[in-house]
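Let me begin by presenting the structure, written as structure tokens, before commenting on it.
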Amino acid sequence: MTRSAVAALTIAAALGAGPALAADLPQPSEPMPYADPVPAERFDWSGFYFGGHAGWTWSDSETRNGVTGRFTNRDNGVSGGVHAGYNHMLTPNFLLGAEADFTFSDIDETRTVAGVSYRTSSDWNSTIRGRAGWVFDRFMVFGTGGLAIGDLGVSANGVSDSATRVGWTAGAGMEALVTENVTARVEYQYQDYGSETFTLGAQSYKTDLTNNQVRFGLSYKF
């Protein structure tokens, strides 16, 4: 056999053995099909909740009298209380609810005008309100408004009197999830209790009461 024939047979054998050897080598596995990640579950704000709040109250008591004319007692102090309510999700992003609260306040101011020492005080207030919120999963902004009830005490000329006033309130706030059952909030409320006329001694005094409240609170959602 010539050298050329030997060389040709050698090359043919090598070429034939190549695919066989390649078949014996480990083959790359087919890529696993891509799986879409499971979307995170949105927090459901619906349900009952109960909590407490604390903050600060700024109070204005404007009084009109024939002797003193018009003057205003202004005071501010710490306030705190409890609240409870219910939320219902109308859409994945829109919420309607109702809430009631009771708040103690430290409002007590005396002003002397035209020789008359006139004292005003308010120890508590309560509201019953609707709430409408826009939800960003675990964060919410809301507006609120409804009925306001509060006490107003006055004294002058050695005589004291008090009344429970009914008015209105409106405000707004923000609330966020802390745990699966606890939320934290900050909110502002304006409260207008209208006018009350008091007869103290031989004088008649007409007094208006308004409050501005800033509150921080925690709620437990059931």
One residue from Val135, Val116 being surrounded by fewer than 22 Cβ atoms within 10 Å (Cβ to Cβ), among the aliphatic types (A, V, I, L, M), in contact (Cβ under 8 Å) with a residue 24 or more places away in the chain and farther than 25 Å from Asn87 by Cβ: Val116
query: Out of the range 137-150, which residues are more than 15 Å from Ala184 (Cβ to Cβ) and modelled with pLDDT of 95 or more?
result: Gly143, Thr144, Gly145, Gly146, Leu147, Ala148, Ile149, Gly150
Set Leu147, Leu96: member being more than 30 Å from Thr179 (Cβ to Cβ) and either surrounded by fewer than 15 Cβ atoms within 10 Å (Cβ to Cβ) or of a type in the set (A, V, I, L, M, F, W, C) (or both): Leu147
- line: If we ask which residues in the range 106-162 are within 13 Å of the chain's Cα centre (by Cα) and outside any strand (DSSP E or B), their number turns out to be 1
message: Here are the criteria: (1) outside any strand (DSSP E or B); (2) charged (D, E, K, R); (3) under 11 Å from the mean Cα position of the chain (by Cα). Tell me which single one Glu180 does not satisfy.
response: (3)
statement: Checked Thr103, Thr68, Thr110, Thr91 against criteria (within 23 Å of Leu147 (Cβ to Cβ), β-branched (Val, Ile, Thr) and out of contact with any Leu (no Cβ under 7 Å at 6 or more places or on another chain)); the one match is Thr103
- prompt: Which pairs do you get when a residue that is under 17 Å from Ser79 (Cβ atoms), found in the range 147-167, comes within reach of a residue that is of a type in the set (A, V, I, L, M, F, W, C), reach meaning Cβ atoms under 6 angstrom, with the pair 6+ apart or on two chains?
  reply: Ala148/Trp168; Ile149/Val166; Asp151/Trp124; Leu152/Ala163; Leu152/Leu209; Arg165/Leu152; Gly167/Ala148
query: Residues in the range 184-193: is at least one under 21 Å from Ile107 (Cα atoms), β-branched (Val, Ile, Thr), assigned to a strand (DSSP E or B) and without any contact (Cβ under 8 Å) to a residue 60 or more places away in the chain?
result: no
- prompt: Filter the range 69-90 for residues that are among the polar types (S, T, N, Q) and under 21 Å from Arg129 (Cβ atoms); which is nearest to the chain's Cα centre (by Cα)?
  reply: Asn87
message: Please verify whether Ser162 is surrounded by 14 or more Cβ atoms within 10 Å (Cβ to Cβ), within 30 Å of Thr68 (Cα to Cα) and hydroxyl-bearing (Ser, Thr, Tyr), treating the condition exactly as stated.
response: yes
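The values are calculated or read from the model by the stated rules, or taken from the named source; none is laboratory data. Keep in mind that what you see is a predicted model, and the values were worked out from it rather than measured. All Cβ positions, even for glycine, are placed from backbone atoms using ideal geometry, and neighbour counts span all protein chains on display.
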